[in-house]
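A short worksheet on the structure shown next.
The values are calculated or read from the model by the stated rules, or taken from the named source; none is laboratory data. Bear in mind that the values here come from a model prediction, so they are computed numbers and not experimental data. With ideal geometry, Cβ positions are generated from the backbone for all residues, glycine too; neighbour counts draw on all protein chains shown. Please note that ligands, DNA and RNA were not included when accessible areas were found on the heavy atoms of the full protein model with its side chains. Shrake-Rupley method; radii C 1.70, N 1.55, O 1.52, S 1.80 Å.
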Amino acid sequence: MNLFPAQQFDIDSIMKIERQAFIPQIQEKKKTFEKRLEIFPNGFLILSDASEKVVKENRSALTCGYLCSEIWSSFPSAGDSDDVFMRKFKLGHNIKDTHDANGRFLYISSFALLREYQGKGLGARFFENSLAALCGSFRNVEKVVLIVNEEWKGAIKIYKSLGFEEVRTLKDFFPTLGKTGMMSLFEKKKKSAGIVMASAAEKFRSIEFKNESQNEFAPIRL
């Protein structure tokens, strides 16, 4: 497994992951990812599986995960209202309106794996090593922030295991998945909470990459 900065030709593979990982109501559009790559290419990483088996089956390495981010100059304080947080974390926003390369807050706008790569501990290692690379490259960043659906228990478990703490719970932020993971006509009107989480960037700068012989991710230089 290797980490690479995403390229424009990776968009179709990224969209495949997006469609598998998220329900239609929150899937982001192709042009949103293209704009992220245009504005902040070094903040957009992909996970590539170049194992012998995969290469033989696909005739090339397989993009099995992605993580995209942006840098903010400001972040709401504890005393701010939920409305302030809601506006800051608005889904589908244009990175051109929010990204500041000199800012202090790294916002993880999206992170996902192909379905067949989920549930194997791979997500946590991919996420952690991505943040190690990004925080190591952008030394001005002090905090890493994100928002997660309260129903995404696996993702929340990953974030908490890496030291992320809950900052704010925003009621009715996401469409609900429902008990079955599918949305009924009734459930389409319901919402689930969004949990804002944050962690100090410095803890990721101390992470040491393991070499490829240990079946971990190769370090990258952004």
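What residue, of Lys30, Lys35, is of a type outside the set (Phe, Trp, Tyr) and either open to solvent by less than 30 Å² (accessible area, probe 1.4 Å) or without any contact (Cβ under 8 Å) to a residue 40 or more places away in the chain (or both)? Spell out how you get there, then give the answer.
Values: Lys35 fails: either open to solvent by less than 30 Å² (accessible area, probe 1.4 Å) or without any contact (Cβ under 8 Å) to a residue 40 or more places away in the chain (or both).
Criteria check complete, one pass: Lys30.
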>> So Arg59 passes all but one of these: (1) surrounded by fewer than 13 Cβ atoms within 10 Å (Cβ to Cβ); (2) touching a residue at least 40 places away in the same chain (Cβ under 8 Å). Which condition number does it fail?
In response: (2)
> Conditions: (1) within 13 Å of the chain's Cα centre (by Cα); (2) touching a residue at least 40 places away in the same chain (Cβ under 8 Å). Glu142 meets all but one. Number of the miss?
Replying inline: (1)
>> For the stretch 14-25, give me the residue count where each residue is part of a helix (DSSP H, G or I), in contact with a strand residue (DSSP E or B) (Cβ under 7 Å, 6 or more places away or on another chain) and either open to solvent by less than 30 Å² (accessible area, probe 1.4 Å) or among the hydroxyl-bearing types (Ser, Thr, Tyr) (or both).
In response: 3
> Given the conditions (1) among the hydrophobic types (A, V, I, L, M, F, W, C); (2) part of a strand (DSSP E or B); (3) at pLDDT 95 or above, which single one is not true for Leu3?
Replying inline: (3)
> How do the pairs read when you match residues in the stretch 168-182 that are on the phi > 0 side of the Ramachandran plot with residues anywhere that are surrounded by fewer than 19 Cβ atoms within 10 Å (Cβ to Cβ) and at pLDDT below 65, using Cβ under 7 Å and keeping only pairs 6 or more apart or on different chains?
Replying inline: Gly178/Ser184; Gly178/Glu187
> If you scan the stretch 44-81, which residues turn out to be more than 26 Å from Leu122 (Cα to Cα) and out of contact with any strand residue (DSSP E or B) (no Cβ under 6 Å at 6 or more places or on another chain)?
Replying inline: Ser73, Ser74, Pro76, Ser77, Ala78, Gly79, Asp80, Ser81
> Among the residues of the stretch 44-51, is any open to solvent by 60 Å² or more (accessible area, probe 1.4 Å) and either of a type outside the set (Val, Ile, Thr) or in a loop (DSSP other than H, G, I, E, B) (or both)?
Replying inline: no
>> Given the options Gly121, Gly92, Gly136, Gly154, name the one that is out of contact with any Ser or Thr (no Cβ under 7 Å at 6 or more places or on another chain) and at positive phi.
In response: Gly121
> Which of the residues that make up the stretch 102-120 are of a type in the set (Gly, Ala, Ser) and surrounded by fewer than 19 Cβ atoms within 10 Å (Cβ to Cβ)?
Replying inline: Gly119
> If you take the residues of the stretch 154-199 that are within 20 Å of Gly123 (Cβ to Cβ) and in a loop (DSSP other than H, G, I, E, B), which of them is modelled with the lowest pLDDT?
Replying inline: Gly181
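Given the criterion open to solvent by less than 50 Å² (accessible area, probe 1.4 Å) and either in contact (Cβ under 8 Å) with a residue 60 or more places away in the chain or outside any helix (DSSP H, G or I) (or both), identify the matching residue among Ile71, Ile11.
Ile71
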> of a type outside the set (Lys, Arg) and closer than 17 Å to Ile17 by Cα - does that describe any residue in the stretch 93-108?
Replying inline: yes
